[in-house]
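Written below as C-alpha cells is the structure these notes are about.
What follows draws every value from the coordinates through simple rules; no lab data is involved. Bear in mind that the values here come from a model prediction, so they are computed numbers and not experimental data. Cβ placement follows ideal geometry from the backbone for every residue including glycine, while neighbour counts extend to all protein chains displayed.
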Amino acid sequence: MTGGNGILLLTKSVFAIMIGFLGALVLGIILIPILRNFKLGQRISVFVGENHKKKEGTPTFGGLIFILPTLLATFALLITDKIEFTTNLAIVLLVFVGYAFLGFLDDFLSHKKKNNEGLTTFQKLFLQILIALGFFYLYIRTGGSTALHISTLGINIEMGWFYGVFLLFILVGASNAVNLTDGLDGLAGGLSAIAFIAFSLISLMVGFEEIGIFTFILVGALIGFLFFNTYPAKVFMGDTGSLALGAVMGAVAILTHREVTLLVVASVFVVETLSVILQVIWVYLFKRKLFLMTPLHHHFEKLGWKETDIVKLFWAVGLILTMAGIFFGVWL
C-alpha cells in the first residue's frame, strides 16, 4: 500500500466512523421519545435484584439506533460509488439485516406477550439456519474456501459441506454470546464497538475495504448509541441489536478467515457464555452454584460491585484482548 492510498483509506475510515456516529446520535434523539410514547419498555426479571427493577419500562428496540444509520450510510456510499458492492459485503448485510429482523421479532413478541419469552427456540434456530444457508450459498457461489485455515498456527483443514454447519455454529454462538452479555448499561455496546475496531483493521489488511468501511460505520454508530445506553441507560438495544452485532462479528471473522482471532477479540463474550454453561453443569453435578449468578457480570453485582465499575472493568479487559487480537490477526 502506497502512502497516498494509505492516507485515503485512513480518511475513508475516519469519515465512516463520523457518519455512523452522527447518524446514531440524530436517530437516538428522534427514536427514544417515540419508543416511550408507544410504551415499548423492557420487562426486568425478578431474579436480577432491586438495582435493576428500577429500569423496568426503559425503552427497548434500541438496536435500531445503530442498525439503521449503519445500513443507510452503507447504501449511500454504494450509490455514490465510494465503496464497491461485493459478494462479501452482500453476505455481511444479509447476516446483519437477517439477525436484526430475528431479534426484532423476538423483542416484538416479548412485548406483545408482556413477558421475556418471544420466539421459541425452534423458531429462532429455523430462522438462523435459513440465514446460514443464504450465507453458505453466496460464499460457495463465489468460490469461497471451505477450509479452516489458520496460518499463524499452521492449520489448514478441508471441511467441505460441513463448513456450512461450521458457519451456523459461529453465527449462533457469537450472536447468543453478545445477547447474554447485554445485561448492564453500556456493556455489550461498548465491548462490541471495541471488538469491531479489530475486525475493521483486519478487513482492510486482507483487502476487504468494503467490509472494513462497513464495520467502521458500525463502530461510529455504536459510539453514538452509547450516548443513550451508558448508565443510566435511556434505551436498551434489545435482541434487535445484540443478535445482529454478534452474528456480524462472526460473519466478518469467517470471511476474513480469522475465526481464532474472534475467540481472542471476543473473549469477554466467550467467558460470559461459559459462565452460564458452567453454572448449569455445576448445579447438575454438585447440586449447588459455582457463581452467585450468571452471566458473570451478575456475579460481580452480587459481590457488591457497582454496575459502572463492572462495565469499566469489562471494557478494559475487552480493549486489552482486542489489541492482542489485532496483533494476532494482523501482524503475527
Order by neighbour count: 117, 209, fewest other Cβ atoms within 10 Å first, most last.
-> 117, 209
Expected unfolding gain across residue 281-residue 36 under the 0.36 nm per residue rule, minus the alpha-carbon gap, is 84.2 nm
Taking 204, 218, 303 and counting other beta carbon atoms within 10 angstrom, the fewest-first order is 303, 204, 218
Would you mind ranking 185, 81, 239 by Cβ crowding within 10 Å, fewest neighbours first?
-> 81, 185, 239
Hey, if you drop one equal point scatterer on each alpha-carbon of the stretch 154-206 and run the Debye formula without solvent, what base-10 log of I(q)/I(0) do you get at q = 0.14, 0.17, 0.27 Å⁻¹?
-> -0.57, -0.77, -1.01
Distance in nm between pseudo-label sites at residue 8 and residue 227 (7 Å out along the Cβ direction from Cα) = 3.1
Placing one equal point scatterer on each C-alpha of the stretch 3-256 and summing with Debye, one gets log10 I(q)/I(0) at q = 0.07, 0.10, 0.11 Å⁻¹ equal to -0.24, -0.49, -0.59
Gyration tensor on Cα atoms of the stretch 49-131, a ≥ b ≥ c root eigenvalues, a/c under 1.5 rounded, else prolate if a/b beats b/c, else oblate, says oblate
Pop a pseudo-label 7 angstrom from the Cα along the beta-carbon direction at both residue 133 and residue 159 and give the gap in nm to one decimal.
-> 1.9
Whole-Hz ³J(HN,Hα) from phi, Karplus 6.51 cos²θ - 1.76 cosθ + 1.60, for the stretch 224-230, glycine and proline x | x, 4, 5, 4, 9, 10, 6
Step through the table entries 55/312; 55/302; 234/312; 112/302, compare each Cα-Cα distance with 27 Å, and write down the pairs that go over it.
-> 112/302
Value of relative contact order over the stretch 3-256, rounded to a whole percent, pairs C-alpha under 8 Å and six or more apart | 35
For the stretch 192-205, Karplus-derived ³J(HN,Hα) couplings (6.51, -1.76, 1.60; θ = phi - 60°; whole Hz; x for glycine and proline) come out as 5, 4, 5, 5, 5, 4, 4, 6, 5, 5, 5, 4, 5, 5
Angle between the chain longest axis and helix 64-79 axis [Cα atoms, degrees, rounded to 10] = 10
With residue 12 itself left out, Lys, Arg at +1 and Asp, Glu at -1 over residues whose Cβ is under 11 Å from its Cβ give -1
Amide proton proximity set for residue 147, modelled H, under 5 Å, gap of 5+ | 159
To the nearest 10 degrees, the tilt of helix 162-181 (Cα long axis) against the first principal axis of the alpha carbons of the chain is 40
For the stretch 300-307, in order, what is each residue's ³J(HN,Hα) by Karplus, 6.51 cos²θ - 1.76 cosθ + 1.60 with θ = phi - 60°, in whole Hz (x at glycine and Pro)?
-> 5, 4, 5, 7, x, 6, 6, 4
Other residues with Cβ under 9 Å from the Cβ of residue 118 give, with Lys and Arg +1 and Asp and Glu -1, a net charge of -1
Sum up the charges of everything whose Cβ sits under 14 Å from the Cβ of residue 29, counting Lys and Arg as +1 and Asp and Glu as -1, but leave residue 29 out.
-> +2
